[in-house]
Structure formats: structure tokens, C-alpha cells
Amino acid sequence: MLPTPDTSHVSFDTIYEPSEDSYLFLDTLSSESESKWLSQRFDSSSTNAVPLVVEAGTGSGVVLGFVAAHSQNIFGRPDILTLGTDVNRNACLATRETVSLAIKANQQEGTVPDTKSNPHTVHISSITADLCTSLRPGSIDVLLFNPPYVPTEDLPRLPTASENDPVMAQTMSYSSKFESDSYFLSLTYAGGADGMETTNRLLDAIPEILSDRGVAYILLCKQNRPNDVKKLIHEWGGGWNAETAGSSGNQAGWEKLVIIRIWKENSIV
Amino acid sequence: MKVITANFVTCAVKECKTSPASFPLHFHDAELEMQELDFQPEFIRNVIPRIDWEALRVTANELGFPTLPESKPEAGALNDEQTLKDLHRILLETQVMEGKLVCGNCSHEYTIKEGIANFLLPSHLV
């Protein structure tokens, strides 16, 4: 088992604490079958161009940190660029720290014996943004998304730039801070109808935002109807594919989680 | 945020996506900080294919770096250590800590604070 990134510096007042779904991500990406699939697509013998790995909604940054630190095991190459987005500025600050620490920890451990292939993954930035709406079309090689997937009556609105203003937060009363914290936490899990409202927005953007060799990993719970989602992606046509890459939980329970891999067949790699 | 980020981001306003003027976003009042990183020539060589060169030239110029060559380094130029070192410095060692990123199409300003750029839009632009 590869080491899990340290998140002890993260305050979970407004940020999702790594849980079963986060760990399913780590297990899936580092599984023998997925890392083999990813290495075939991205290792240094098949392509020189460094892959850009983007996580939408990073929260604590545990998933992106893991991928950054263990790129050799996952992608078969020591060099990737990582970028994280989150609508919560605190999550961006936390992610930046988590990813840098994870990269550093792995370098010190020297899990890669050959010094020439020391990990030189670089975290290029954490940005406060809604999903991938501020990223350039066709730029993402690997997209990771652990969505707010819980079905809820209402979908919380997106925060505005000013709600993330650190100066504003300092002048809040205790009760308004509590309200603000609860609101930001609701954004980490509340998915609206079928728990799919945010995920559907991301799915709609996938054909545009992924590069030609791009691949997306999205986590779904049973109530999101993963089989319907996969079917929908096949219906996009044009070689689009979706397959279950990992799963956990009790088959009968509602908490059954799956991670699907979405990619375009016949794309130039 | 590292300067290379500017090569991958664009205006969040939907209508701007189709406008060439929305890329790259333009740095205003940028405060830079240098963070030393091990120079890895192979890494920079592998980063170059990912770079939109025209956009990087604009960005480097706005941030006050010496003018980059007109075309992307290829073949022999990829073995020129000085070229690779210059790119390493601009793309990976330079961090923009404060300032703004401005869209050339709609003029919307995205604020950068403590190295975190905020791309959330005010409600009237969503």
C-alpha cells in the first residue's frame, strides 16, 4: 500500500474530511489494473508530453496529493503537473499544502530508487473555481471528481467571489460563521436531484475539456444510478466509453460506491 | 500559483470561451515570488510540448521577463541549457502571489490572493 497523504494541517470546519469515497479513489487509481491502463496511455515511452492532472472539488487535497506523490506507480512516469479547483478557498489553501507535503514526503522516502527518476511532479496551482469552467478547453489529460453525490431536495447555490474573501471571514460574528461553515459543508455532499445535478454539469463539459488522450474518473453512489450514467456516455457516440474502474461497500446497501472511467476510444495517444 | 497556470486557464464567462481575446488572461499588478526548485532538464523538455507558446510569450512579457524567442524551442534548442533554465524559472519557479488576471474579451478581473486565484463569478455573470 502506498502512503496516504498527511492532512493533519486541514481544518474540517468547511472542508470534507477524507472518507470511504476518498479512499476508494486512492485504491482504484493505484490498483494494478488501473495503473496498468493509465501507464499504457501516459508512460514516458508512449508520450513525452507531461500529463496535466486536474481534480475538481479537491477538498482536503488527499486524492490529488496521492496522485502527485505516486505518479510513478500510477502513470508510469515521475513527472506530472497537478492543478486543483474548489469553490471553497479554504479547500484550495488546504490542497496546496497537502499536495506539496505529499510530494516532499515521497521524495524523502525515496520510493523511486533511481535518482534520475526522482518524482519531480509539480503542483501548478489550486484555484477557486466552479468545476472546470475556468480551464482551457482540450487541456485536461486526467480529470478526477469525487462529487457532492448525496440526493438532496435542493442544490445549494454556488458561492460568490466575495463569500470567499478572507477579510470578510475575519469580521464575521460567531453565528454567521456557523451559518457560513454549514453552507460550505453542504456544498461538499449535497447533489440535488438523484445526487446528480453537479455531476451532470461536469459530464456535459467532458467532451470539451478533455484532451485527445484525456480520461476522467468520477465517483458515483448507488442512488446516482451508475449503470444509467454509463449508458448515457455510450450514447454520446464518437467512441466515448465508460467502465467501472473500482467499487466498494455493501452491494445491497445504498452506500455502494463505484468509480467510473470515461475515455474516448480511438483517440490519438 | 505558478506562471504556467496562465497557459491552462481562461475566462469563466461562457460567452468568452469562443473569443480568442479571452486567452491568455492578462496579469495586472502581479506580485511575484521565486521558489527555488531542482532544475530537471528532462522535465522541462516534456513540459514544452504542453505549452501554447504564443500565450506564454504574452504572459512572460506582462510579468517583465526578457522576451522569449519567437518560436517554440525545437530539436537542437531543446539541448540548450540556458533556454531550458530560463523556461524552468518562468514556468515553475515563479509564483504569482497577488494581483489580477483580466479577460481581454469581457474585461472581468479575477483576483489573486496569497497565490490563490478566484474564478468564481458574481451572480449577474453566471
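What follows draws every value from the coordinates through simple rules; no lab data is involved. Predicted model only: the values in this text are computed from it and were never measured. No Cβ is skipped: glycine too gets one built from the backbone with ideal geometry, and neighbour counts run over all protein chains shown.
Odds and ends about this structure:
- Put simply, when B:65-77, A:30-42, A:14-26 are sorted by average Cβ atoms within 10 angstrom per residue, most first, you get A:14-26, A:30-42, B:65-77.
- For a label point 7 Å along the Cα-to-beta-carbon line of B:Leu125, residues of the range B:11-40 with backbone N under 13 Å: B:11-17, B:22, B:25-26
- Within chain A, the whole DSSP H helices whose Cα atoms reach 18 Å or more along their own axis and whose mean Kyte-Doolittle score is at least -1.0 are A:89-109, A:174-189, A:197-209.
- Packing, as the average of other Cβ atoms within 10 Å across residues, places the peptides B:12-21, B:55-64, A:90-99 in the order A:90-99, B:55-64, B:12-21, highest first.
- Average partner coverage of A:81-90, which counts Cβ from other chains inside 10 Å: 3
- Order by protection proxy (mean Cβ within 10 Å, highest first), peptides A:72-83, B:33-44: A:72-83, B:33-44
- The string of couplings for the range A:3-16 from the Karplus curve (6.51, -1.76, 1.60, θ = phi - 60°) is x, 7, x, 6, 10, 5, 7, 8, 8, 8, 4, 10, 10, 5 Hz, one whole number per residue in order, with x for Gly and Pro.
- Across peptide A:49-56, the average count of Cβ atoms from other chains found within 10 Å of a residue's Cβ is 3.
- Lysine pairs meeting the criterion (Cα under 20 Å, 8 or more apart or interchain), as found in chain B: 8
- Beta bridges per DSSP with both ends in the protein assembly as shown, % antiparallel, nearest 5: 60
- Förster-model FRET efficiency, 45 Å R0, B:Phe39 and A:Glu153, C-beta, rounded to 0.05: 0.25
- Across the range A:183-265, Cα-Cα pairs farther apart than 21 Å form 31% of the total.
- For chain A: lysine pairs under 23 Å (alpha-carbon distance), excluding those fewer than 8 apart on one chain: 11
- Rounded to 10°, Cα long-axis angle of helix B:53-62 versus longest principal axis of chain B: 80
- Förster radius 22 Å - calculated FRET efficiency between B:Leu78 and A:Gln40, Cβ distance, rounded to 0.05: 0.30
- Counting Cβ atoms of other protein chains within 10 Å of each residue's Cβ and taking the mean over peptide B:49-57 gives 2.
- Each 10 Å bin from zero up to the one holding the largest Cα-Cα distance in the protein assembly as shown carries the following percent of pairs: 5, 23, 35, 26, 10, 1, 0.
- Average Cα contact separation per residue, chain A, under 8 Å, 6 or more apart, as relative contact order %: 19
- Panel note: the C-alpha atoms of the range B:3-125, placed on their principal axes, show extents of 50, 30, 21 Å (largest first).
- Relative contact order of chain B, defined on C-alpha pairs under 8 angstrom at six or more residues apart (%): 40
- Once the Cβ-Cβ distance of B:Leu63 and A:Asn227 is raised to the sixth power relative to R0 = 56 Å, the FRET efficiency obtained is 0.70.
- Sequence-distant residues sharing a close amide H with A:Val215 (under 5 Å, placed H): A:Val142, A:Leu143
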